[in-house]
Amino acid sequence: MKKITIRSAVFLISALMLLSVCGCSEKTTFEIGENRSSISGENAADNEMDANNAENNNEDGDTAPTAKSGLSDNIYRNVQIYNNFEDYEADKHLNAAEIYKNLTYTPEMLYGEYVQEGLMDPKKRHIDYDNNIFLDYAANSSYMTIEVESSYSSSGKDTIEIGTLPCEMLSGTRTYDFDIRKLSKISKYHWMTLYFPQRTTNVLGNDGEYDYRETGITGAFYIENHKLIFTPLIKIEYDNDYKNVIEYELSDKNIEFEFRFDGGMITLKNSDGEKVSLVAKGLSEVYHYIDVEGFTASETSKIDNICGFDIYKGYHSDPDSTYIGCTVKLDNENDDYYFNNYDNLVAHFNEDGIMQFSWAEIDGTPHAYEFVYFYCGDDGLILTDGEKVYKYTASYSDYKLGAGVETTDDEELDKLSQGKVAAIAEKKKNLMEELKAAFEKEGISVAVNDDTGEIMLDSSVLFGVDQYEITDKGQEFLKKFIKAYSSVILKDDYEGFVSKIMVEGHTDSTGERKHNEELSRKRAEEVMNYCLSDKAGIDKDIKTDMEKLMEAVGYADDYPIFDEGGKEDPDKSRRVSFKFVIDMENASQLEAISEKSQVEDEEPEESEPADDDEKTE
């Protein structure tokens, strides 16, 4: 597979994906149900994807989206994973179509890997871009022209022809995609790679004939109602070690799709009304290796006492094997988390978007739940009942530190022992406690999220309505705030622990996206500039040190705050936040904490039972 980013480099996409979303049929160890019905071009009139028309009013909400004409109709089946444990039924039953219609979508809900199942090779378990199925599809596709970077052109840019609909969609902060992982660490955007058919003039020069291949385009994306807005990346440069992105450039042209979820399938429609259905790779009838593991992103995003899930079926090298396991992970006062009666979970991922799961405590007390699910690939699982959203999208290390806490190197963090992670978490906790004490001493009130490390400043205190100039009242507040904040951040105790301070602007979801982006960016910049100005009243040396750390960014409405009922809280969403980034190079040198002793861990501890060592990563 060819991926166009910098230097028109060719990147090979591994078929070894740890992705999936699943569904249920009958009670059996692992059983695939019947084909979906009515997935063909002749139902297109009944499945128009217009957020303002009948479909989103649920008049045909139970009808499956239409696959692109000419593709196989063997969309994914219901899947159940069962481990010799009695199944229980939830008291509450949900209408997935109604929830999909009314849900406020966030970019994380599009994380994962989605593919056109009809293009997948049953033997290779991934799309074979050299076989006749793909070549026929490419030859019958519509095409558009976009600009990409090219090391072969004197201008450094080139134009290529790609299909108007993608074959694959890949996104997430912990995806295998190298560029996405690195870009996610240094910019405000969410990133995605879309794979399209590409056509070029026939190498023999035959008039009117083309050669076809697959091309991956990486870009930034955001969600606006039921629209996916994708901006291609046309330039990216790394340092000599390829560890950090030093420069990137986005196109001035967007590619837009309306989208609709139907369980583990997402349907995209372009501006010409053409549609394609993509299936979460692990749910595919062709590729049903299942690996769903994720921890809660925060305390407010937890179902009862469940802090994580681990659901898998098959080995990566042999998806058809009978090796299975499913369990819930629970918070416990004495342990970071524990496996309560390992393999105690029955998990159903249904094709209509409903996840049903039940489990029992050690004493046999049963629990049963029902949610609409989003499988986010390597980034975990998101569940919702239509009122609240539960994000199980964190790794264990993220969970321990507090999901949302920024670090300079997540991959390094995941390699550390639990004792090392606990030591970093303890230092972060101490820093947060000292910050809160400093704010109290200055007599100022700020909202603090202990999970993410986010310190939230109320926009109504700082600005007028829809304005970015700081009010007199806001200036007085910031004088006290920056004095308290810098007095802790710059303490010798935390020297080298914090590598960067992000000043983030946020808006609510009302208004146009471009306006919100500009407003949030300007508000963040105004707050940062004031804090570093002479007006703020901090010493010259402190100002110099803080200037080296601080960076402003605007996120528009990408990170809303929700009330207890799961609805967006506009007042709290409009904010300017301070978040520190932990320097992993220095933090990883902290002495490890052991729960049974204070001896430093030499090797990473296993966070799972010994018999789980057989599971392939």
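The values are calculated or read from the model by the stated rules, or taken from the named source; none is laboratory data. Predicted model only: the values in this text are computed from it and were never measured. Glycine gets a Cβ as well: all are built from the backbone with ideal geometry, and neighbour counts include every protein chain shown. Accessible surface areas use protein heavy atoms only, side chains included; no ligands, DNA or RNA. Shrake-Rupley method; radii C 1.70, N 1.55, O 1.52, S 1.80 Å.
If you scan region 502-532, which residues turn out to be open to solvent by 20 Å² or more (accessible area, probe 1.4 Å), modelled with pLDDT under 95 and under 14 Å from Tyr468 (Cα atoms)?
His515, Glu517, Glu518, Arg521
Given the condition surrounded by 15 or more Cβ atoms within 10 Å (Cβ to Cβ) and modelled with pLDDT of 80 or more, answer yes or no: does some residue in region 595-603 qualify?
Checked against the condition, which is being surrounded by 15 or more Cβ atoms within 10 Å (Cβ to Cβ) and modelled with pLDDT of 80 or more, region 595-603 yields no hits at all.
Would you mind telling me which numbered condition in (1) open to solvent by 40 Å² or more (accessible area, probe 1.4 Å); (2) within 14 Å of Leu183 (Cβ to Cβ); (3) in contact with a helix residue (DSSP H, G or I) (Cβ under 9 Å, 6 or more places away or on another chain) Glu249 fails?
That leaves (3) as the condition not met.
Residues in region 312-321: is at least one at pLDDT 70 or above and open to solvent by less than 40 Å² (accessible area, probe 1.4 Å)?
Yes: one or more hits.
Mind checking which residues of region 533-560 are loosely packed, with under 14 Cβ neighbours inside 10 Å and touching a helix residue (DSSP H, G or I) at 6+ places or on another chain (Cβ under 6 Å)?
Answer for region 533-560, where residues must be loosely packed, with under 14 Cβ neighbours inside 10 Å and touching a helix residue (DSSP H, G or I) at 6+ places or on another chain (Cβ under 6 Å): just Gly537.
Just checking, does region 451-460 include any residue being surrounded by fewer than 19 Cβ atoms within 10 Å (Cβ to Cβ) and in a helix (DSSP H, G or I)?
yes
Just to check your reading of the model, which residue among Tyr222, Tyr238 is open to solvent by 10 Å² or more (accessible area, probe 1.4 Å) and under 25 Å from Thr384 (Cβ atoms)?
Tyr222 is the lone residue from the list that is open to solvent by 10 Å² or more (accessible area, probe 1.4 Å) and under 25 Å from Thr384 (Cβ atoms).
Among the listed residues Glu406, Glu361, which satisfies the condition of being closer than 30 Å to Ile582 by Cα and either among the small types (Gly, Ala, Ser) or at pLDDT below 85 (or both)?
Only one candidate passes the filter, namely Glu406.
Asp378 versus (1) in contact with a strand residue (DSSP E or B) (Cβ under 7 Å, 6 or more places away or on another chain); (2) surrounded by 20 or more Cβ atoms within 10 Å (Cβ to Cβ); (3) at pLDDT 80 or above: which is the lone unmet condition?
Failing condition for Asp378: (1).
Tell me which residues, restricted to region 485-501, are surrounded by fewer than 21 Cβ atoms within 10 Å (Cβ to Cβ), assigned to a helix (DSSP H, G or I) and among the hydroxyl-bearing types (Ser, Thr, Tyr).
Once the filter is applied, which keeps residues that are surrounded by fewer than 21 Cβ atoms within 10 Å (Cβ to Cβ), assigned to a helix (DSSP H, G or I) and among the hydroxyl-bearing types (Ser, Thr, Tyr), region 485-501 yields Ser487, Tyr494.
The rows are residues; the columns are (1) small (Gly, Ala, Ser); (2) without any contact (Cβ under 8 Å) to a residue 24 or more places away in the chain; (3) closer than 30 Å to Pro107 by Cα.
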| residue | (1), (2), (3) |
| --- | --- |
| Lys491 | no, no, no |
| Met502 | no, no, yes |
| Glu526 | no, no, yes |
| Gly537 | yes, no, no |
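Return the total of residues in region 159-175 being within 13 Å of the chain's Cα centre (by Cα) and either open to solvent by 10 Å² or more (accessible area, probe 1.4 Å) or over 27 Å from Lys275 (Cα atoms) (or both).
Number of matching residues: 2.
Could you identify the single residue in Lys428, Lys420 that is assigned to a helix (DSSP H, G or I), of a type in the set (Lys, Arg) and at pLDDT 85 or above?
Lys428
Being in a strand (DSSP E or B), open to solvent by 20 Å² or more (accessible area, probe 1.4 Å) and at pLDDT below 85 is the requirement here; does His367 meet it?
Answer is yes for this residue.
Quick grid of which residues meet (1) touching a Leu at 6+ places or on another chain (Cβ under 6 Å); (2) under 18 Å from Trp191 (Cβ atoms); (3) among the acidic types (Asp, Glu); (4) in contact (Cβ under 8 Å) with a residue 60 or more places away in the chain:
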site: Ile236; (1), (2), (3), (4): no, yes, no, yes
site: Asn254; (1), (2), (3), (4): no, yes, no, no
site: Phe259; (1), (2), (3), (4): yes, yes, no, yes
site: Ile266; (1), (2), (3), (4): yes, yes, no, yes
site: Asp272; (1), (2), (3), (4): no, no, yes, yes
site: Ser277; (1), (2), (3), (4): no, no, no, yes
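Go through region 561-574 and count every residue that is open to solvent by less than 50 Å² (accessible area, probe 1.4 Å) and under 22 Å from the mean Cα position of the chain (by Cα).
5
Scanning region 454-473 for residues that are touching a residue at least 24 places away in the same chain (Cβ under 8 Å) and more than 32 Å from the chain's Cα centre (by Cα), which turns out farthest from Glu517 (Cα to Cα)?
Within region 454-473, the match that is farthest from Glu517 (Cα to Cα) is Ile470.
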